[in-house]
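S.K.: There's a structure below that I have some questions on.
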Number of protein chains: 2
Amino acid sequence: MKTVGIIGGTGNIGEGLARRICLGGKYDVIIGSREAPKAVTAADGVVCCLKEKKCTSTTCSGSANADVCSADIIIISLPFERVESTIASIGKEKFENKVIVSLINPMIRNPAEKYFLPDRPKIGSAALAIKEMLPASAKLFTAFNNVAAGKWMQLDEELDYSVAVCGDDGEAKKTVMDLVASVSKLHPLDAGPLENAATIEGLTPLVITIAMRNGLKDVGVYFR
Amino acid sequence: MKTVGIIGGTGNIGEGLARRICLGGKYDVIIGSREAPKAVTAADGVVCCLKEKKCTSTTCSGSANADVCSADIIIISLPFERVESTIASIGKEKFENKVIVSLINPMIRNPAEKYFLPDRPKIGSAALAIKEMLPASAKLFTAFNNVAAGKWMQLDEELDYSVAVCGDDGEAKKTVMDLVASVSKLHPLDAGPLENAATIEGLTPLVITIAMRNGLKDVGVYFR
């Protein structure tokens, strides 16, 4: 069984993602955190949820962020401003040749005026900035960016959104698309090179804006 | 009856848009072109189509681009690189206080490697760049950006896409959203300030990329 490691897996999105991936039945999950005990607690929650749902095919464990790098696929689920220091503290070399997924969308929040905007790093996107922080051999992708944060933990609801996957390695992209397809009813789509991630990252502040301004909630994105 | 003027209305998108707006039954349309006779020919085509569809409530005429500015709403349907010279040749002052819609998505095309990318002007988006070309009193919006170009002229097919409308004037935005709602089954959504247009403009190269890479055609965007 392949394993998925989630760096920053104790946030709402990371924990929901861990549950959804385990429930998909195809990947074991390692939740990572700066503080290993927090990760263990989060993993216990996932294991409990798996039991409830009578899912016995997969497991979930918790550990320090650094240990997550043994996984076959690493998801980075951190606020953008913490990515660089986290990679440094884990050790950049741990990411050599790894398949890595960023779901990070840096945002400028202006709820008073009812809009969010992308907070793009100078290079154009968080993904391109993170690529610079990683070894050249790391295979970085964006995926899962536009699933409404509040939806991950609502396990009784299927997620039927389109998930655009951007990245530059064709073989590893297949690996990431398989992972996406294993989660609920998410529908992975090859969305071209990592450079297209700027648009994907911008979609999340856009749909939050659309939700706030049009009386909607948890707006999803569909390409069809 | 309100009128909609389309600058660059003899292209495929402009002409399809003219037909769809007239068929909606709520706006007369003036098609504009650098060469007035071309606009008249295009308008004749629209009138003929209206007759076929037994639509008698609206009309369509053709004229030089400059005359389009008498309309209540002006849609700019030009390649981005022609916008500045067109505004200059019409006369910037003609756009004072006008409600203006850009559906322009500048793109870098790389069909050989199966991807398109946004070709963003330095300021961040075509919309923000065009705003700089217009008088300060002009009310600029983006709308209709992500409707697949090939769909506009396929009149037997309803367009049921979400249309994100970005712009900074709340009152005029209502005017633009009403226009969008009059076209086929398009569903207008207030997507916040003009600054969010960068993402909207990026969506078109993204969905073209998705279409090319996933064996799809005329991919649409839905926010729901």
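The values are calculated or read from the model by the stated rules, or taken from the named source; none is laboratory data. Everything numeric in this text was worked out from a predicted model, so none of it was measured. Glycine also receives a Cβ, built like all others from the backbone with ideal geometry; neighbour counts cover every protein chain displayed. The protein model used for the area step is the full one, side chains on, heavy atoms only, and it has no ligands, DNA or RNA in it. Shrake-Rupley method; radii C 1.70, N 1.55, O 1.52, S 1.80 Å.
S.K.: Considering (1) more than 7 Å from chain B (Cβ to nearest Cβ); (2) farther than 28 Å from A:Asn110 by Cβ, say which one A:Leu216 fails and leave the rest.
M.R.: (2)
S.K.: Would you say A:Ile30 is open to solvent by 10 Å² or more (accessible area, probe 1.4 Å), of a type in the set (A, V, I, L, M, F, W, C) and assigned to a strand (DSSP E or B)?
M.R.: yes
To keep it simple, each residue is scored yes or no on (1) facing chain B (nearest Cβ under 7 Å); (2) modelled with pLDDT under 95; (3) more than 15 Å from the chain's Cα centre (by Cα).
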site: A:Ser182; (1), (2), (3): no, no, no
site: A:Leu186; (1), (2), (3): no, no, no
site: A:Leu189; (1), (2), (3): yes, no, yes
site: A:Asn196; (1), (2), (3): yes, no, yes
site: A:Thr204; (1), (2), (3): no, no, no
site: A:Val207; (1), (2), (3): yes, no, yes
site: A:Met212; (1), (2), (3): no, no, yes
site: A:Phe223; (1), (2), (3): yes, no, yes
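S.K.: Also, I was wondering about something else. Do we have A:Phe141 as within 30 Å of B:Lys122 (Cβ to Cβ) and touching a His at 6+ places or on another chain (Cβ under 9 Å) here?
M.R.: no
S.K.: Also: Considering the stretch B:112-137 alone, what residues qualify as being under 28 Å from B:Asp218 (Cβ atoms), in a loop (DSSP other than H, G, I, E, B) and either open to solvent by 30 Å² or more (accessible area, probe 1.4 Å) or aromatic (Phe, Trp, Tyr) (or both)?
M.R.: B:Lys114, B:Asp119, B:Arg120
S.K.: Scan (1) in contact with an Asp or Glu (Cβ under 9 Å, 6 or more places away or on another chain); (2) part of a helix (DSSP H, G or I); (3) crowded, with 19+ Cβ neighbours inside 10 Å for the single condition A:Gly9 breaks and write down its number.
M.R.: With respect to (1) in contact with an Asp or Glu (Cβ under 9 Å, 6 or more places away or on another chain); (2) part of a helix (DSSP H, G or I); (3) crowded, with 19+ Cβ neighbours inside 10 Å, A:Gly9 is out only on (2).
S.K.: For the stretch B:107-119, which positions are more than 11 Å from chain A (Cβ to nearest Cβ) and under 15 Å from B:Gly202 (Cβ atoms)?
M.R.: Those that are more than 11 Å from chain A (Cβ to nearest Cβ) and under 15 Å from B:Gly202 (Cβ atoms): B:Met107, B:Arg109, B:Asp119.
S.K.: Now for a separate question. Please go through the stretch A:178-194 and give me each residue that is touching a Pro at 6+ places or on another chain (Cβ under 9 Å) and either open to solvent by 40 Å² or more (accessible area, probe 1.4 Å) or closer than 26 Å to B:Gly192 by Cβ (or both), ordered by number.
M.R.: Within the stretch A:178-194, A:Asp178, A:Ala181, A:Gly192 meet the criteria.
S.K.: Looking at the stretch B:98-106, can you tell me whether even one residue there is more than 14 Å from chain A (Cβ to nearest Cβ) and of a type in the set (Ser, Thr, Tyr)?
M.R.: So far as the stretch B:98-106 goes, yes, one or more of its residues are more than 14 Å from chain A (Cβ to nearest Cβ) and of a type in the set (Ser, Thr, Tyr).
Here is a yes/no grid of residues against (1) open to solvent by 20 Å² or more (accessible area, probe 1.4 Å); (2) within 14 Å of B:Ile6 (Cα to Cα); (3) not in a helix (DSSP H, G or I):
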| position | (1), (2), (3) |
| --- | --- |
| B:Cys49 | no, no, no |
| B:Thr58 | no, no, yes |
| B:Gly62 | yes, yes, yes |
| B:Val68 | no, yes, no |
| B:Ile75 | no, yes, yes |
| B:Leu78 | no, yes, yes |
| B:Val83 | no, yes, no |
| B:Ile87 | no, yes, no |
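S.K.: Which is under 28 Å from A:Met212 (Cβ atoms), within 13 Å of chain A (Cβ to nearest Cβ) and charged (D, E, K, R), of B:Lys139, B:Lys122, B:Lys131, B:Lys173? Break it down stepwise before answering.
M.R.: Working: B:Lys139 fails: within 13 Å of chain A (Cβ to nearest Cβ); B:Lys122 fails: under 28 Å from A:Met212 (Cβ atoms); B:Lys131 fails: within 13 Å of chain A (Cβ to nearest Cβ).
After ruling out the rest, the residue left standing is B:Lys173.
S.K.: Does the stretch B:161-195 hold any residues that are closer than 26 Å to A:Phe116 by Cβ and among the charged types (D, E, K, R), and which are they?
M.R.: B:Asp168, B:Asp169, B:Glu171, B:Lys173, B:Lys174, B:Asp178, B:Asp190, B:Glu195
S.K.: In the stretch A:138-168, which residues are assigned to a loop (DSSP other than H, G, I, E, B) and open to solvent by 30 Å² or more (accessible area, probe 1.4 Å)?
M.R.: Across the stretch A:138-168, the qualifying residues are A:Met153, A:Gln154, A:Leu155, A:Asp156, A:Glu157, A:Glu158, A:Asp160, A:Asp168.
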